[in-house]
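First the structure, in the form of structure tokens, and then the observations on it.
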Amino acid sequence: MTTTSRWRALTHHHLFWPVAVLIALLLVNVPFTPDFFSINMTDGHLYGSLVSIVLFGSPLILVAVGMTLVIATGGIDLSVGAVVAITGALTCSYISDQADQNTLSAVFLAMGIGLVAAVVCGLWNGFLVARMGIQPIIATLIIMVAGRGVAQLVTDGQIITVNSEPYKLIGGGYWLTLPFSVFVVAAVVAVTVALTRRTALGLLVESVGGNAEASRLVGIRSTRIKIMVYMFCALCAGIAGLMISSNTSAADGNNAGLWIELDAILAVVIGGTSLLGGRFSIGGTVVGALVIQTLTTTIYTIGVPTQTNLVFKAAVVIVVCLLQSPKFRAKVFGAKGLKGPRRDAAPVEPAPAPDAAPKMEVSR
Amino acid sequence: MAEPQPVLEMTGIVKEFPGVRALSGVDFRLFPGEIHALMGENGAGKSTLIKVLTGVYSLDGGTITLDGESARFGSPLQAQQAGISTVYQEVNLCPNLSVAENIFIGREPTRAGRIQWKRMRKEAAELVDRLGLDIDVAAPLSSYPLAVQQLVAIVRSVGTGARDGAGLGTKVLVLDEPTSSLDRDEVLELFRLMRQLRDEGVAILFVSHFLDQIYEVCDRMTVLRNGTLVGEHLVRDLDQVGLIELMIGKALDQLEELHEHQLRSDLGETLVKAEGLGRTGGIAPFDLEINKGEVLGLAGLLGSGRTELARLLFGADQPDNGRVTIGGKQVSMSAPNDAIAAGVAFCSENRKSEGLVPDLTVRENIILALQAARGWTRPIPASQRDELVARYIKALDIRPADPEARVGRLSGGNQQKVLLARWLITQPKLLILDEPTRGIDIGAKTEIQKLVVSLSEDGMSVLYIAAELEEVLRLSHTIGVLRDRRLVARLTNGPEITTSKILETIASGEHQ
Amino acid sequence: MSATTQTPKAAPRGSTASRARATRLLGDRRLPVLVTAALFIAMYVGGLSRYQNYGFGEPQVFLNLFIDNGYLLVAAIGATFVIMSGGIDLSVGSVIGFTTMFTAWLVERQGLPLLLVVPLALAVGAFGGFLMGYVIHNFEIQPFIVTLAGLFLFRGLCLVISKESISINDASVGTLAQTRVSLGMGELSIGALVALIVLAVACYVLHYTRFGRRVYAIGGNEQSALLMGLPLGGTKIAVYTVSGFCSALAGLLFMLYIQSGDPLHAVGMELDAIAAVVIGGTLLTGGSGYVLGTLFGVLVLGLIKSVITFEGTLSSWWTKIATGVLLCAFILIQRTMTSRRKT
């Protein structure tokens, strides 16, 4: 293999651009914070910017991983933010009712209640989408609207605080020198990858999202698959909800997980999964979520007012989508392509990888 | 009698797509006050010609003359403004709006920017009335059946420009398969309207797959085959057998030896039995038996119901009535899963939309059916999977022989082979092939036909649909003949069965 | 082994007439609006009987629905245009929030006269909508994503202006906000009046102009609309521009109502607007609905809030739950209606 061909193989890997963007973003920090990459050990815990990016990015990674599968089936789930709030509210209110908040069994039961509620939300979404044939945006809008109300109902409109050591561990604790949430995320990602790639679920999901009619004619039970995927997405959101409420030791029905659905969708898109469904990449999504979290951190470290975070995000969304739009590429790059060496010799014009998206944004 | 001037003349029309020459130098004339049929099988270039005429496609060569003036249309709108209107098979109207609005939208009568609803309804009612139709123009379009919507589409297209001058603004009316989902009464109403418009001097270009309709309503016809003009005839000068011969043509017989093979009669017991199976708007109820190891070919023109028959046998569409038994057991056929579980496999004629998942790799596409049958929890072990895939890539000579290649980038013939491989690894009892050789090169064509023969020798039953009669004749033990959505005959292949015999059967529509 | 062929049996025609009537009734596009109107009246009557002694029967309670929800009505009317054309606009709440911030900042911090600020704010909102429409049409990106970017952008711009809330002490704003127009049985605020005027204009535009009918046509079947020679792009862009304009106007009304600018004003109001449109009987897939329905949708939402206030023991989150339940009910009704229409 020559160097050029190796370089080509590298740049054509579906994770290349998301990772390149992530690295570039991380490097941007260095001139502003020279010790950006350094990690210190204090009290047996690791501290450092990298650690906090992963720590604060954990809930987003979880939600985005679930969202990836939903988007791969050609759907979307707007209700994850509300599910985050419901799970946190249920769990915290159960724990706060206990006489001894540190009882392990009570904490597990509380988390179980929260997660079951999340899965029920997912079942409902899946039922509406797969059985009733309602457009995913609309179907999941219902829980997006009502879910926050339910969460506030559970917390009685208050911010419920808990004081439970075992519960604190999930979102705020440390284990083996690392934030415990890192292990939770690693476990969920590993389970997801195993579930989709070690079984045939991933293939069937991609098939349903890639060509629904062909999938029906090949005998795939897409209703079941879709319901399962929405349930899984809600479960991931539920775990994220546990993490968020545990991190703050409080359940806020109103603000927990606010706009996380939008960040998650963004992470999925940056990770190279098309919003139209079909091929998906869990790894890409994880990187995408880290990119978003790093962006937030970067804005903070380089001294731009943190408020502009949302403006940057808007710019990222637009640039990513424009670069994924075939029409935009045709208009902007089409003219260039003609001047260059003739490409139409290839039998079929290979579609440029959608992962190529975020590069432009950052290199400017 | 002086030769009248054609209202539309197309000469030397050429249209190319990447790798395909869809039209090579086609001439076409249309006279005012005639109903002209455009005939041809799949891929003959009918729809390309219509799209060139109506401005959907741009020309690669040739000229269009409309009313003696050279014309070139960049968009359907331009063609419409020049007086060429089109009504498609699917009604291209807005079902949520009223009939009157559908007739007038885009050119509603307004005063100072305000739509004059009363005037619009009155004018719509007058137009509808003049064309002898009984439609309440204030009702929403969706409250009418498809047939009436079709008529409204025609009213809209001939009404274009009517208000600007006297009479109808439309010179040429293109009707692209308007009758395919209408019942007899509805067709008669459509024909009445067509004749009235013809008598008012409109030139009508009519596309239909129903031969009877062509002979009933048309004055003249143009026949295309493989992108070339094969004849322009007065309808009364050309009988049905002649027409079908022109449309289908005589393919070169390079696979004659296969024919002998299919004349044997030592077939196994009955595998599939369909009784009274039918679906409204698809195919009239039919009875059918397929034996083990039998190749049943379906002969009939495009739109004769051959695909619809196949889809019913696979559960892709739900039958209205009738039942199917496979291997002695009744199968409910409520979804493809039922058929697949009973050992039926179906390769759709629409490889791209109903067959392959273009984003997935060759390997993934090949194992999809087997995996779907096993369920998501039981993945095919990697070694077994790779071995299976490699075996079929080799056996079917899929190129590139790379299981990681994206199927969307393969050529048509290789895509077809991937589809075949997908079903062959499920080891079906009945393999349904709907036009497996369409749009692929001659080499792949031959391979696929040879494969069908060897599969049947191994005891697999095959339902084979092809547009070319030679192909059906060559491969089939038995030939089912379809016409106008009915299974009209079943012929046992033998020395006395020839293409002309099949042609006669299609043309006469009588069972022997 | 011979093939027999049966002629297709004539379809039974006995029940066709009654079925046609049922189909007509269910297919009638006014039905959802009537259902919503009936729901509103039922809720109102229910409220009357329950809270009669607490002054629910006062005409002013009814008029307050307009005063308290005027901004939502305007925003929902903008959303109606978008949804009618088959699109969706998620940026509504952010544009409202941005407008409150923008005007508060210009009036309070920059000392510009209100007369100048108002057209400026409206122009910014409309231009934002135009840009989103332009991107949606020209680059064929899903409206969902483009307006999501709009949501981020305008909320971010709010925060760029100021992280803190800016209260408005401008005299002219105060006077405008306090002004009440007497109607005999009660009074209306300027905001409510503006909302009603917008409603009337929207009705006229949707039903009596070619543009309005094009919106319906595109929502009904985009492909057909294109083949019928309608200017697809212009209409789509215009629809989003209208929505941006309405959102900005709603922002001005909201600012008038609440007399402050805050970066967190109207967070999530796009959901209320979309919910009002859907409850008002407009199909989320586009092409069917009435602005009048949106009015009833807003009134129903407003009434839920008033009822909860009158009930006293019910907390505010019941509004969200009730909205969600209604939304769900109406989506399911829509679904059964459309599936029946197809068969």
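The values are calculated or read from the model by the stated rules, or taken from the named source; none is laboratory data. Note that the coordinates shown come from a computational prediction; the quantities given were computed from them, not determined experimentally. Glycine gets a Cβ as well: all are built from the backbone with ideal geometry, and neighbour counts include every protein chain shown.
Things to note:
- Here the condition is being in a loop (DSSP other than H, G, I, E, B) and modelled with pLDDT of 70 or more; of A:288, A:283, A:278, it holds for A:278 alone.
- Residues satisfying the stated conditions in segment B:360-392, i.e. farther than 17 Å from residue A:220 by Cα and outside any helix (DSSP H, G or I): B:361, B:381
Listed here are the residues, each with its yes/no results for (1) in contact with an Asp or Glu (Cβ under 9 Å, 6 or more places away or on another chain); (2) outside any helix (DSSP H, G or I); (3) under 26 Å from residue B:283 (Cα atoms); (4) more than 14 Å from chain C (Cβ to nearest Cβ).
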| position | (1), (2), (3), (4) |
| --- | --- |
| B:196 | no, no, no, yes |
| B:201 | no, yes, no, yes |
| B:212 | yes, no, yes, yes |
| B:221 | yes, yes, no, yes |
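- For residue A:296, the criteria (1) under 26 Å from residue A:191 (Cβ atoms); (2) part of a helix (DSSP H, G or I); (3) out of contact with any Leu (no Cβ under 7 Å at 6 or more places or on another chain) hold in every case but one, which is (1).
- A Cβ distance below 6 Å, combined with a sequence gap of six or more or placement on separate chains, defines the contacts here; from segment C:20-44, residues that are closer than 21 Å to residue C:326 by Cα and aromatic (Phe, Trp, Tyr) reach residues that are at pLDDT 85 or above and surrounded by 12 or more Cβ atoms within 10 Å (Cβ to Cβ) in the pairs C:40/C:296; C:40/C:299; C:40/C:300.
- Candidate set: segment A:220-256, residues that are surrounded by 24 or more Cβ atoms within 10 Å (Cβ to Cβ) and part of a loop (DSSP other than H, G, I, E, B); chosen: the one nearest to the other protein chains (Cβ to nearest Cβ): A:220
- Test: residue in segment C:229-240 that is of a type in the set (Phe, Trp, Tyr) and touching a His at 6+ places or on another chain (Cβ under 9 Å): yes
- Every residue from segment C:169-201 that is of a type in the set (S, T, N, Q) and assigned to a helix (DSSP H, G or I): C:172, C:175, C:178
- Screening residue A:277 with (1) in contact (Cβ under 8 Å) with a residue 24 or more places away in the chain; (2) surrounded by fewer than 22 Cβ atoms within 10 Å (Cβ to Cβ) gives one miss only, at (2).
- Every listed requirement among (1) outside any loop (DSSP other than H, G, I, E, B); (2) within 11 Å of chain A (Cβ to nearest Cβ); (3) closer than 22 Å to residue C:85 by Cβ is met by residue C:141 save one, (1).
- Failed condition for residue B:385, given (1) over 19 Å from residue B:347 (Cβ atoms); (2) at pLDDT below 90: (2)
- Of the residues making up segment C:202-214, those that are within 13 Å of another protein chain (Cβ to nearest Cβ) and in a helix (DSSP H, G or I) are C:203, C:204, C:205, C:206, C:207, C:208, C:210, C:211, C:212, C:213, C:214.
- Unmet criterion (only one of (1) modelled with pLDDT of 85 or more; (2) more than 12 Å from the chain's Cα centre (by Cα)) for residue A:335: (1)
- Qualifying position, being in the same structural domain as residue B:483 (by TED's automatic domain parsing), modelled with pLDDT of 90 or more and touching a helix residue (DSSP H, G or I) at 6+ places or on another chain (Cβ under 6 Å), among B:314, B:286: B:314
Residue-by-condition table, conditions (1) touching a helix residue (DSSP H, G or I) at 6+ places or on another chain (Cβ under 8 Å); (2) away from chain C (no Cβ under 11 Å):
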| site | (1), (2) |
| --- | --- |
| B:469 | yes, yes |
| B:473 | yes, yes |
| B:476 | no, yes |
| B:479 | yes, no |
| B:489 | yes, no |
| B:501 | no, yes |
| B:504 | yes, yes |
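- Scanning segment A:199-215 for residues that are more than 19 Å from residue A:233 (Cβ to Cβ) and either part of a helix (DSSP H, G or I) or within 17 Å of the chain's Cα centre (by Cα) (or both) returns A:213, A:214, A:215.
- Selection count, segment B:5-51, where residues are in a helix (DSSP H, G or I) and under 18 Å from residue B:204 (Cβ atoms): 5
- The set of residues from segment A:28-44 being surrounded by 13 or more Cβ atoms within 10 Å (Cβ to Cβ) and within 26 Å of the chain's Cα centre (by Cα) comprises A:28, A:29, A:36, A:37.
- Residue count for segment C:75-106, restricted to those that are surrounded by fewer than 24 Cβ atoms within 10 Å (Cβ to Cβ) and farther than 23 Å from residue C:205 by Cα: 2.
- Tally, over segment B:307-330, of residues that are under 17 Å from residue B:461 (Cα atoms) and either among the basic types (Lys, Arg) or free of Cβ contacts under 8 Å to residues at least 60 places away in the same chain (or both): 6
- Unique residue being crowded, with 20+ Cβ neighbours inside 10 Å and either more than 10 Å from chain C (Cβ to nearest Cβ) or charged (D, E, K, R) (or both) when the list is A:173, A:126, A:147: A:126
- Of all residues in segment B:359-382 being touching a strand residue (DSSP E or B) at 6+ places or on another chain (Cβ under 9 Å) and more than 7 Å from chain A (Cβ to nearest Cβ), the one that is farthest from residue A:279 (Cα to Cα): B:362
- Looking across segment B:91-107, the residues that are free of Cβ contacts under 8 Å to residues at least 60 places away in the same chain and surrounded by 19 or more Cβ atoms within 10 Å (Cβ to Cβ) come down to B:94, B:95, B:96, B:97, B:98, B:99, B:100, B:101, B:102, B:103, B:104, B:105.
- Just one of (1) over 22 Å from residue C:155 (Cα atoms); (2) within 10 Å of another protein chain (Cβ to nearest Cβ); (3) surrounded by 24 or more Cβ atoms within 10 Å (Cβ to Cβ) fails for residue A:266. It is (1).
- Of the helices (runs of 4 or more DSSP H) entirely within segment C:256-343, those holding at least 3 residues that are closer than 24 Å to residue C:98 by Cα occupy C:269-279, C:291-311.
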